[in-house]
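The values are calculated or read from the model by the stated rules, or taken from the named source; none is laboratory data. None of these values were measured; they are calculated from a predicted model. Heads up, the Cβs are rebuilt from the backbone with ideal geometry, glycines too, and the neighbour counts pull from every protein chain shown.
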Amino acid sequence: MDENSNQPDGDQSRRKYVFVGGSPRSGTSLLGRNIARLKDCTGLENTGVFEDEGQFLQDVYAVASEYGGSSRCGFDPRIHRTETSQLLKPENIRRLHACWHAYWDNTKTIFVEKTPENFLMTRFLQVAFPDSYFVVIKRHPVPVSIGGQKWRVNITSLNRMFQHWLHCYSIFEQDKKYLKNIYELRYEDYVENPDKYNQEIAAFIGTRVPEPPKEDTFRIVLQQWRPLGLRVPERTMEIPSATYNKKYFDRWSYFLTKSPFRGYYQYIARKYEPEFAKYGYSLIKGFMENEEMLGRDSKVSAVLGPMYCLAADVAALLRRSALRTKGYLKRAVKKLLPEFALDIIRRTRQNALLRQQHAKAALGTVNGH
């Protein structure tokens, strides 16, 4: 990147914009980074925000957390942005371009931005960025929903998580008929043959997959659940793994068959099975040795099921409220502390992180000899 690469060049007619989206925990981050590694592509890097997501680098539209977080934001109609949005004013469009071009390599011609909720605002982005392409990924609702519960401030019951998955992709299904350039894939297929899909996506946006580099450098991507961030290669394509799906599938199988609350899980499995089947997914097949178990207490579950869901939603709300109250108190205490005390706390945390990094590096050296 040259010294002027943070400024857009004059030939705007050659630019293309690629927006990656899909339900959070669907592999959008890895997919977005891989697309940004294609020939003539550039992604948002070293931004200082979580996952280098464009939503955190602009002030034109509200981020997902302002609508309830990534596990519930789709239920708020305001996040579904289209070509009729009042935000699509010339000055806002210019500001949005400027915010992101400040972090793109403007010597490139294809600009990649990944934010999961992009798939709820495709029509908005298509107006703001006329030569735009959309890559939307789906993943089985079990790992998406159970994995999404790792974000403690976004705690949501599985019942509502499943509802959210279906609601968001229903919005996208309605919107995609308005899109000029759209490519869809499933995480499970990407895991099976990443090279095939990297090639297809490259052809879709008019570029190619570069030759693997002989040597590479690495950078750190900030993540909410990893204090040290994620170390990723600059140019080497990342390989998606099926391992993560399996651990969530095993947990869901336990919920259905052995959990003390299996009545609740079996109820929501039956409830949402027909809807997920439309997308080629199942909450039942492969998760129970005897699928007939689901039918034995169907009458009882039909009565108790809604009560199970209500109890789960209330429990999630109470946990979420408690965590957020704790966060508010922590911020309030910070405001009361003098600056020198805050500096001590910051230095203590930084030193602890450095010790963890050194220990991790030393362990890697020992294991690798």
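Below are the figures for this structure:
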{"read-out": "Residue tally, condition within 21 Å of LEU228 (Cβ to Cβ) and charged (D, E, K, R), over segment 38-71", "value": "4"}
{"read-out": "Selection from segment 220-241 of residues that are among the polar types (S, T, N, Q), touching a residue at least 60 places away in the same chain (Cβ under 8 Å) and within 18 Å of THR28 (Cβ to Cβ)", "value": "GLN223, GLN224"}
{"read-out": "For ASP59: the one exception among (1) modelled with pLDDT under 95; (2) farther than 25 Å from MET237 by Cβ; (3) loosely packed, with under 15 Cβ neighbours inside 10 Å", "value": "(1)"}
{"read-out": "Residues (among the aromatic types (Phe, Trp, Tyr) and touching a residue at least 40 places away in the same chain (Cβ under 8 Å)) located in segment 168-219", "value": "TYR169, PHE172, TYR178, TYR183, TYR187, TYR190, PHE204"}
{"read-out": "Filter result for LEU179 (modelled with pLDDT of 95 or more, under 16 Å from the mean Cα position of the chain (by Cα) and surrounded by fewer than 20 Cβ atoms within 10 Å (Cβ to Cβ))", "value": "no"}
{"read-out": "Residue check for ASP250: part of a helix (DSSP H, G or I) and exposed (fewer than 13 other Cβ atoms within 10 Å of the Cβ)", "value": "yes"}
{"read-out": "Residue check, PRO227 part of a strand (DSSP E or B), surrounded by fewer than 15 Cβ atoms within 10 Å (Cβ to Cβ) and out of contact with any His (no Cβ under 9 Å at 6 or more places or on another chain)", "value": "yes"}
{"read-out": "Meets criteria (assigned by TED's automatic domain parsing to the domain that holds ARG25, charged (D, E, K, R) and surrounded by fewer than 16 Cβ atoms within 10 Å (Cβ to Cβ)) for ARG219", "value": "yes"}
{"read-out": "Of all residues making up segment 96-117, the number that are of a type outside the set (Val, Ile, Thr), touching a Ser or Thr at 6+ places or on another chain (Cβ under 8 Å) and within 20 Å of SER29 (Cα to Cα)", "value": "7"}
{"read-out": "Matching residues in segment 1-35 - criterion: being assigned to a helix (DSSP H, G or I), more than 21 Å from LEU179 (Cβ to Cβ) and modelled with pLDDT of 90 or more", "value": "SER29, LEU30, ARG33, ASN34"}
{"read-out": "GLY286, sole failed condition from (1) in a helix (DSSP H, G or I); (2) small (Gly, Ala, Ser); (3) farther than 25 Å from ARG33 by Cβ", "value": "(1)"}
{"read-out": "Lone unmet requirement of (1) modelled with pLDDT under 95; (2) closer than 26 Å to ILE146 by Cα; (3) surrounded by fewer than 19 Cβ atoms within 10 Å (Cβ to Cβ) for GLY48", "value": "(2)"}
{"read-out": "Selection status of ARG123, surrounded by fewer than 17 Cβ atoms within 10 Å (Cβ to Cβ) and free of Cβ contacts under 8 Å to residues at least 60 places away in the same chain", "value": "no"}
{"read-out": "Of residues in segment 253-264 being in a helix (DSSP H, G or I) and at pLDDT below 90, the one surrounded by the most Cβ atoms within 10 Å (Cβ to Cβ)", "value": "TYR264"}
